[in-house]
1. Filter segment 127-145 for residues that are touching a residue at least 40 places away in the same chain (Cβ under 8 Å) and polar (S, T, N, Q); which is surrounded by the fewest Cβ atoms within 10 Å (Cβ to Cβ)?
2. Would you mind telling me which numbered condition in (1) at pLDDT below 95; (2) aliphatic (A, V, I, L, M); (3) open to solvent by 40 Å² or more (accessible area, probe 1.4 Å) ALA267 fails?
3. Please name all residue pairs, on different chains or six or more residues apart, with Cβ atoms under 6 Å, provided the first residue is in segment 200-226 and is at pLDDT below 85 and the second residue is buried (at least 16 other Cβ atoms within 10 Å of the Cβ).
4. Taking segment 45-60 as the region of interest, how many residues are within 21 Å of GLY109 (Cβ to Cβ) and either open to solvent by 20 Å² or more (accessible area, probe 1.4 Å) or in a helix (DSSP H, G or I) (or both)?
5. Identify all residues within segment 61-82 that are open to solvent by 80 Å² or more (accessible area, probe 1.4 Å) and touching a residue at least 60 places away in the same chain (Cβ under 8 Å); write none if there are none.
6. Check ALA76, ALA134 and return the single one that is touching a helix residue (DSSP H, G or I) at 6+ places or on another chain (Cβ under 6 Å), more than 24 Å from ASP31 (Cα to Cα) and small (Gly, Ala, Ser).
7. State which residue is modelled with the lowest pLDDT when the search covers only segment 1-44 and only residues that are part of a loop (DSSP other than H, G, I, E, B) and under 22 Å from GLU80 (Cα atoms).
8. What about ARG244, is it surrounded by fewer than 16 Cβ atoms within 10 Å (Cβ to Cβ) and over 18 Å from ARG178 (Cα atoms)?
Amino acid sequence: MIRYLLLFWLAFIPAALADDGHPEPFVAEADARAEMAAALERAAVDDKRVILVFGANWCHDSRGLADHFRQEDLQAVLAEHYEVIWIDVGWRHRNLDIARDYGVPTIYGTPTVLIVDPELGLINRGTMHSWHTAYSREHDVVVRYFRQFAFSTPGGGVVENTAAYAALVADIEAWEAREGARLTAAYIQSRRWRESLDAEYGRRESDISSAEFYRAYNAVEAQIDQHRGRMRQDRSDLYTEARRAVRNAMLDAGISLSPAGAQEFDATDPEIVLDFPDYSGLAFPWESEGWTL
């Protein structure tokens, strides 16, 4: 009897937790690209920017951000300065080509938030991946963020405007494009695998005939989750290290952290190399075993 009660509560609790009253704004059937194009046209006419929210209704933090967006104070900011488009990513496998249009090879979590200016393009590249904690973020912090990006322009300090830093950023972007494509492929292959299992076994994960296959799937899904978390942190660390490396090289050379110093530093054609993460030990089944789904 206790066993059956436990199974009942395990089945009931996730549904109850999901029913938090927060909006579910993501529509899988929507033509996200057409909606984005129309929003960019309106933004150009009205001198606004476009917020592209890549997320899903199953995601606690995606709905949490939607709840922030419906609060009166933030609604006023959004109405005055932005067009908002909710882009459904499914299980992180759908509509990622839209992000790639802005040089974003993949997403590491949901929601991922791109703020796009019709003329300047993507303006929040450094913080777009930080919204996976949206549900628990203080509301005033969220409001402050979108107020700031209503007016801010891409740029940076002395270090960020050196050619040496730009070269390191190019290296980071090349690394992320390569590894991001692999991660996105993992999202897609994982989803195809799950759909094939569900089609064959009718979503019966606990049946003796299918349990082993679902366990294998769940293990790889956990591996993907761990890898995307590591990649998100590694990306952040690389940008931090690039800034630190250029700054330290300037100071070691006795060059001032000033616009004139930046020009002097670039004239020395410095050699700065980043230590990129090694993922060679990671192999997904479709890579190591040549799967086709």
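The values are calculated or read from the model by the stated rules, or taken from the named source; none is laboratory data. None of the values given here were measured: they were computed from a predicted structure. Using ideal geometry, Cβ is built from the backbone for each residue, glycine included, and neighbour counts are taken over all protein chains shown. Ligands, DNA and RNA are excluded from the accessible area calculation, which covers all protein heavy atoms including side chains. Shrake-Rupley method; radii C 1.70, N 1.55, O 1.52, S 1.80 Å.
1. Per the stated criteria, the residue is SER136.
2. Going through the list (1) at pLDDT below 95; (2) aliphatic (A, V, I, L, M); (3) open to solvent by 40 Å² or more (accessible area, probe 1.4 Å), ALA267 breaks only (1).
3. Every condition considered, the pairs that remain are ARG204/SER210; GLU205/TYR214.
4. Qualifying residue count, segment 45-60: 3.
5. GLU80
6. One residue alone meets the criteria, ALA134.
7. So, considering only residues that are part of a loop (DSSP other than H, G, I, E, B) and under 22 Å from GLU80 (Cα atoms), the one modelled with the lowest pLDDT is PRO23.
8. In short, yes.
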